[in-house]
Amino acid sequence: MLDIKPYYIQSIIKDAGFGGTCPIIVKANDKEYVLKTREDGTNPKDLGVFNEVFAYQLLDYLGINIAPQEIVYLFIDDDFIEMAEIAYDEGIIQEESFENIKASEGFNLGVEYLHYAMEPLSEVIDNDRFIKDIVHIDNYIMNCDRSSGNINILQDKSDQRKYYAIDFGNALADAICYEKIQNGEADIFVTGAYSHCNVTLSGRYILKNETQRLVKRGRRIKEDIDTIRGKLADIIDTFPPDWEPLNYKNDIIDIIATRLKSNKIFKVDDNSKCECLY
């Protein structure tokens, strides 16, 4: 399990220049991070940062090394909100970024800013091992937010066969699954629902064709489902306790644990479809 350290933010560096959630680049512990806020203007409160931390912890649990960047908790208080207001007034960050910061007091997420990486030179990913790994984690957590023009993958500047996965904030089926959990409607044992849904079939998932060529089943996980549930619970218990998705911890654990043990989520048939496949 990753040991995620908490830090205060020292300074604001610049607007990130990418992402629908309007992240910014900040310095903490003398290192630069992409600040992702509890309120991001896209997902329900705390869901984006919850999904991100959960994904990084699952990658560590499964031994998938496609996102080696450090993640930390970054604390937003009145002093940082004042700093952000000055940065907004001076045109350093966008209004949307400032509004998200004002609504995000407490622990947020910092993702290490990779100076040695860049947007890919091509949307064709030239690394089958990376494709297999990213497809597995995306399907396990129901993240199809990798579309043309916004693939949420970085490429190493010096080794162009090396890639890095970023941005898991729209997992749980673009919040559709999460909202059904909130409403008590996410019955994972109904055929075709969230125990079977194959999000890599989404028309906007840029790795859809590669998935059909390279990935036929889930990774082999020897632990039984109750052991997996326990591991996922241990992971979530380390999250900031006021993050709202923790109120639905057991439902999220049931869904993800079921998907981790199921090969059905990689099948291509009518039972593989759900509301996120647009």
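The values are calculated or read from the model by the stated rules, or taken from the named source; none is laboratory data. Predicted model only: the values in this text are computed from it and were never measured. Here the Cβ positions follow ideal geometry from the backbone for every residue, glycine too, while neighbour counts run over all protein chains shown.
Name the residues in region 216-242 that are surrounded by 12 or more Cβ atoms within 10 Å (Cβ to Cβ), free of Cβ contacts under 8 Å to residues at least 24 places away in the same chain and of a type in the set (Asp, Glu), would you?
Glu223, the sole residue that qualifies.
Checking the conditions here, which among Ser148, Ser122, Ser158 is without any contact (Cβ under 8 Å) to a residue 12 or more places away in the chain, out of contact with any strand residue (DSSP E or B) (no Cβ under 8 Å at 6 or more places or on another chain), over 26 Å from Arg217 (Cβ atoms) and of a type in the set (Gly, Ala, Ser)?
Ser122
Checking the structure you have, find out if any residue of region 62-69 is farther than 26 Å from Thr258 by Cα, surrounded by 15 or more Cβ atoms within 10 Å (Cβ to Cβ) and touching a strand residue (DSSP E or B) at 6+ places or on another chain (Cβ under 9 Å).
yes
Which residue pairs have Cβ atoms under 6 Å apart, sit 6 or more places apart or on different chains, and have a first residue in region 14-29 that is assigned by TED's automatic domain parsing to the domain that holds Met83 and a second that is surrounded by 15 or more Cβ atoms within 10 Å (Cβ to Cβ) and among the hydroxyl-bearing types (Ser, Thr, Tyr)?
Gly20/Thr42; Thr21/Thr42; Cys22/Ser97; Ile24/Ser97; Ile25/Tyr113; Val26/Tyr33; Ala28/Tyr7; Asn29/Tyr7
In region 67-95, what residues are closer than 27 Å to Gln155 by Cβ and either among the acidic types (Asp, Glu) or assigned by TED's automatic domain parsing to the domain that holds Asp156 (or both)?
Once the filter is applied, which keeps residues that are closer than 27 Å to Gln155 by Cβ and either among the acidic types (Asp, Glu) or assigned by TED's automatic domain parsing to the domain that holds Asp156 (or both), region 67-95 yields only Glu70.
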